[in-house]
Amino acid sequence: MTQAAATATAASKIYGSGDSEVRALDGVTIAFEKGKFTAIMGPSGSGKSTLMHCVAGLDSLTSGSVAIGDTQLETLSDKELTTLRREQVGFIFQAFNLIPTLNALENIMLPLSLGGQEGDMQWINTVIDTIGLRDRLEHRPSELSGGQQQRVAVARALASKPSVIFADEPTGNLDSKTGGEVLGFMRRAVSDLGQTIVMVTHDANAASYSDRIVFLKDGKIAGEMTEPNPEKVLDYLKHLGE
Amino acid sequence: MFSLSLKMSLARKGRLILTSLAIILGTGFLSGTFIFSDTLSRTFDRLFTDVFRDVDAYVRSTNFIEVPFGGEQRAGTPIEALDSVLAVPGVKDATGDIQAFARIIGKDGTPLGSDNGPPTFGGIASASVAGLWNIEDGRLPNGPSEMVMDRSSAEKGDFVVGDTVRVNAQSGSREFTLVGIANYGDISSPGGATFALFDQQTASEFLLKPGFVDAFLIQGDGTMTQEELATAVNAALNPTLKLETLTGAQIAEETKDQIGAVVGFLSTFLTIFSLIALGIGCFVIYNVFSITTAQRLRENALMRAIGASRKQVTTTVIVEALIIGVLGSILGFVVGIGLSRGLSALLAAFGVDIPTSGLAIRGPRIATTIIVGTLVTLFSAVFPALRAGRVPPLAAMRDTAFERIGSRKFRFVIGAVIAVIGVAAHVAAAAGVNDWLLGVGVVCVFAAVIIYGPLIAKPVALMLGAPLARRSVTGAMARQNAARNPRRTAGTVAPVLIGVALVTAFSAFAASVRSEIRSVIGDQFGGDYAISAPQNGFGGLPIALSDEVAALPEVQQATGLGFGTVELDGEGRFVTVINPATASGLVDLNMVQGDQSKLSANGVVVSNNRATTEGWNLGDTLEMKFVDGTVKDLVIEGTFIPNGFFGSYVINREAFAGTTNSLFDSIIYVVMKDGVSEEDARAALGAVSEQRGLGTLQSREEFIDAQADQINQILGLIYGLLALSIVIAVVGIVITLLLSVFERRREIGLLRAVGMTRSQVRFTVVGESVITSMFGAVVGVVLGIGEGLALIGTLADDGIAAFSLPLGSTIVILILAFIIGVIAAVYPARRATRVDIMQAISTT
């Protein structure tokens, strides 16, 4: 296996106890490779979002361990976790990605500004040119379309050159055309800029932009696929459902 | 629909409590004032009913003068008439009564009771059953060297029967042997006053005038009604003595009324401040409803979408207001009970022993509190409720709550119209058209600023936040958050703004008065030392003291200055009383005509304003009537330019010769001989004044400072009462921040997810809070200084010409506002840092 950007080892997440016990994650072990675009798929309640949140350090495991690069997350304090998120991890959410009181550029620079860093301006300019919103940098989120907002979110995730970017249904709120644009940018961020992305999605079309798909079912890994295309993915999902 | 609204409101207990806080505090102050003044008047009612229990008839002089600003001074009653009263059939017993100034000097040489505390009386203790005092220990005083004092003073001064006690009174300072300790009715001392009691003859010559008492207390033998007895007594009185007879019930009633007037004034004063607090509470309630309806936008839109009418949506908000109003007012009344106890405890701490038999809690007061509180809440909720009803059903699809400012143009025009009216009223008031225009002006200008609030909120918040924004991205976010909802920010700021503006205006006014007093006293007072008596009570320094001081070997010159009440030109007036023989160089009137040092015993010097208005000329005569009915014609012997200290009339102290009008000096000005050291001067002057419990000895500088600082006492009281309004304003900021944090929890969650630390989150909330409170403080200070200027401009005719900026207190206010901003943010910031990232960013 090539070097991993993030790993989960025997990761379990249990909600409730006794009869009402729900095993959202049930002993998942997985590594997300550096410089690759990985998609996590699975039906509702399969634990795909929980896996992502736990690996990203947003949520904690009941048992098992997760690591970003060489850093084990379980032992980190809230402050260390925050710093790790700011410097090593990028996020793209389905909606409500941007702070309404800040303009596009300020939103992109936010993780860097929070850490009091200047950032690599050459890199940031490259990112901004890649998302193609140079003429919109002074605009507030309310003045941008949904697709533009998500492109700003992608840029923000890229700005600090994180070890890994997690995306949670980044195109869930977009129509297929603008969604395709956003996914295209994510693809280029991996292929051209050498970034690492882990994306949770239930959309076969979105998943087909990735290098590798991991399928989850009932909190366990049900299989995986490399070099996906939409037909292959849909076919596999049909099997998974049976 | 009503029950549904009820259910929806009760489901949000946290918000109910938050909103109620403002109304609880506002109505609490109001009901506290009610209960306190009710308790006070009931206490005095009972006390005087008790005290005059055995008095069936009351004889007093018909000569009296109405004192300016209320009250009266009545002439003495000649003791010789007592025999004719005792001879009336049906009179069982009768005795003279005196209530005059006397101060008991403690064993350590300091007077009992503070200068600013309750009055210190001298009176008569007699064996008569009609007397007011009961001897508890020892016996009645007999002869010119014996006295009795009230039990409370004896305890305070650690006196026992047999001690030698020094007492100061109008006629001077004397030592007595304490032969007894007495109770007033059933209590040790009414209202914390001190009493030195003597036999009638001693009391008359020491406290009043030989041969006179204030009144006769008469007890009947039970064969006649009080009315019959009073009529019989009155018929027996020599008509040339100008006496009248009241029944015991009448005098008790009259005394109660006099106290009632004082209590009434106090309660009016307190009520004004509780109404200010309620008004400020209005803004907080309005703001909370505005925010919560904005946050419930989707909920309300959903209701509309599934078929609720506008009216129904509006009703839910009104019902919530009704619940909050009623609940808050009831709780407010309970808080008021505590507050009134606090007020009583405060007075007790100042030595006012109010014998309360429980608090007076009256049904109508409870009703008033609840009705006022509920109406205020409903009134504050009307506009937010209407806005809630106007929500389009489509808004259910929108994401965040943003409040829109209504028509900016409309707001701008209305604000401008009101501002113009306000300024015009100020100008008219300053021009002297009518003083109530000042009130109209103040209200209009405040209203205009409040109306403009949402328009200026954004630019002002951005401007004030600029230094923060330059520091860090968190500062920039704090600044943007303070500016993002201008209406909300303006609503939060309004209470702070009003409170700060009032404090600043009072400070500006007080600072100006203070500097005016300083220059006036500095100008007219040329001495080295001053011996002064408190000018807020009655009594003062015996007039013989100034001559005694002047005779000291270290003293070059000394003169006494007093103030009296006489009826002059048909009206009760204060007159300044000087000793022209010694005044030159120490008390200098700015004479226009005539010579101050030649003021005769039958002369008067008037201010040139009065002379011009009345058309008086030198040589004209003014009729002056003294309290005892003596009438003298005074010749106008000069005019002077008034300076706010001497009033409009100055007479010679010799004018009082031969009357029973009590006369004291308020201040004695002293110039020392050359070469007398400060130490020697203080020792010599102190020996005759302070060490005998007479007045306070101060150097020129100390005296001027003390006079100028008198205004601080009033200011302190006003600050204290405004403090509650400030508390409500702070509660307003806390509530707004809490609601904003709740509303932005997803945003905060996102920020935490992308790497904002908890302390950065905290900083954002604190920054927003500080910007908001500073906004209120800065605009409030500007408004307050403007109003202070207007106030002084309007009152300039009364002798206050100079405006002086209260720089010190302005800086203190701004610093306080900063601290308040930080404190108000503590709890909301903690809530913000505890936002759960997972919950906040989950899309469901």
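Quick note: the coordinates plus some simple rules give every number you see, no bench work behind them. Keep in mind that what you see is a predicted model, and the values were worked out from it rather than measured. Don't worry about glycine lacking a Cβ; one is built from the backbone with ideal geometry, like all the others, and counts go over all protein chains shown.
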> For B:V766, B:V420, what's the fewest-to-most ordering of other Cβ within 10 Å of each Cβ?
Replying inline: B:V420, B:V766
> Amide H of B:A102: which non-local residues (sequence gap of 5 or more, or other chain) have their own amide H closer than 5 Å, using H built in the peptide plane?
Replying inline: B:T120, B:F121, B:G122
>> Can you return the lysines within cross-link range of B:K311? Criterion is Cα-Cα under 23 Å, with same-chain partners fewer than 8 residues away left out.
In response: B:K7
>> To check you understand DSSP bridge types, tell me what percent of the beta bridges within the protein assembly as shown (both residues inside) are antiparallel, rounded to 5.
In response: 75 percent
> What dipole magnitude, in Debye to the nearest 20, does chain B give about its Cα centre under +1 on Lys/Arg Cβ and -1 on Asp/Glu Cβ?
Replying inline: 8200 debye
> Which FRET efficiency value, to the nearest 0.05, do you get for B:E299 and A:L193 by plugging their Cβ-Cβ distance into 1/(1 + (r/R0)^6) with R0 = 35 Å?
Replying inline: 0.20
>> If you fit an axis through the alpha-carbon atoms of helix A:230-241 and take the longest principal axis of the Cα set of chain A, what angle between them do you get, 0 to 90°, nearest 10?
In response: 30 degrees
> Given labels modelled 7 Å from the Cα in the Cβ direction, how far is it in nm from A:W123 to A:S20?
Replying inline: 4.5 nm
> How do B:S171, B:S41 line up, fewest other C-beta atoms within 10 Å first?
Replying inline: B:S171, B:S41
> Between Rg and the Kirkwood Rh of the stretch B:534-694, both from Cα atoms, what is the Rg to Rh ratio?
Replying inline: 1.00
>> Modelling each spin label as a point 7 Å along the Cα-to-Cβ direction, I'd like the B:E678/B:L266 distance in nm, to one decimal.
In response: 4.0 nm
> Over chain B, what lengths in whole Å, largest first, do the semi-axes of the equivalent ellipsoid take, defined as the square roots of 5 times the eigenvalues of the alpha-carbon gyration tensor?
Replying inline: 61, 33, 25
>> Could you tell me how far the Cα centroid of the stretch B:722-736 sits from the Cα centroid of the stretch A:168-234, in Å?
In response: 52 Å
> the stretch A:73-126: which GluC sites (Glu not before Pro) are DSSP loop and have at most 16 other beta-carbon atoms within 10 angstrom?
Replying inline: A:E74, A:E118
> What is the helix-to-structure angle for A:78-88, meaning the angle in degrees between its Cα long axis and the longest Cα principal axis of chain A, kept from 0 to 90 and rounded to the nearest 10?
Replying inline: 60 degrees
>> How many angstrom lie between the Cα centre of the stretch B:248-276 and the Cα centre of the stretch A:13-86?
In response: 73 Å
>> Taking R0 as 35 Å, what FRET efficiency do you get between B:W436 and B:F379 from their Cβ-Cβ distance, rounded to the nearest 0.05?
In response: 0.90
>> Compute the angle between helix B:807-833 and the longest alpha-carbon principal axis of chain B, please, reported from 0 to 90 degrees and rounded to the nearest 10.
In response: 40 degrees
> What average count of beta carbons from other chains do you get within 10 Å of the Cβ of residues in B:754-764?
Replying inline: 6
> When ranked by the protection proxy of mean other Cβ atoms within 10 Å per residue, highest first, what sequence do the peptides B:239-247, B:730-738 form?
Replying inline: B:730-738, B:239-247
> With each pseudo-label sitting 7 Å past Cα toward Cβ, what's the B:T110-B:T223 distance in nm, one decimal?
Replying inline: 5.6 nm
> Can you list residues whose amide H is under 5 Å from A:T62's amide H, if they're 5+ apart or on another chain and H is modeled 1.01 Å from N?
Replying inline: A:S12, A:K13, A:I14
> Considering amide H positions built from the backbone, and no H for Pro or chain starts, which residues 5 or more places from B:Q556, or on another chain, come under 5 Å of its amide H?
Replying inline: B:V671, B:M672, B:K673
>> Against the empirical 2.2 N^0.38 Å scaling, what ratio does the C-alpha Rg of the stretch A:4-241 come to?
In response: 0.99
> For B:S804, what is the net charge nearby, where nearby means another residue's Cβ is under 13 Å from its Cβ and Lys, Arg count +1, Asp, Glu -1?
Replying inline: +1
>> Among the listed pairs A:K48/A:K177; A:K177/B:K458; A:K79/B:K458; B:K156/B:K242; B:K92/B:K256; A:K13/A:K177, which have their C-alpha atoms separated by more than 29 angstrom in this model?
In response: A:K177/B:K458; A:K79/B:K458; B:K156/B:K242; A:K13/A:K177
>> Counting only other residues whose beta carbon sits under 11 Å from that of B:G603, what net charge do I get with K and R as +1, D and E as -1?
In response: -2
>> Quick check: net charge around A:D59, other residues with Cβ under 14 Å of its Cβ, Lys/Arg +1 and Asp/Glu -1?
In response: 0
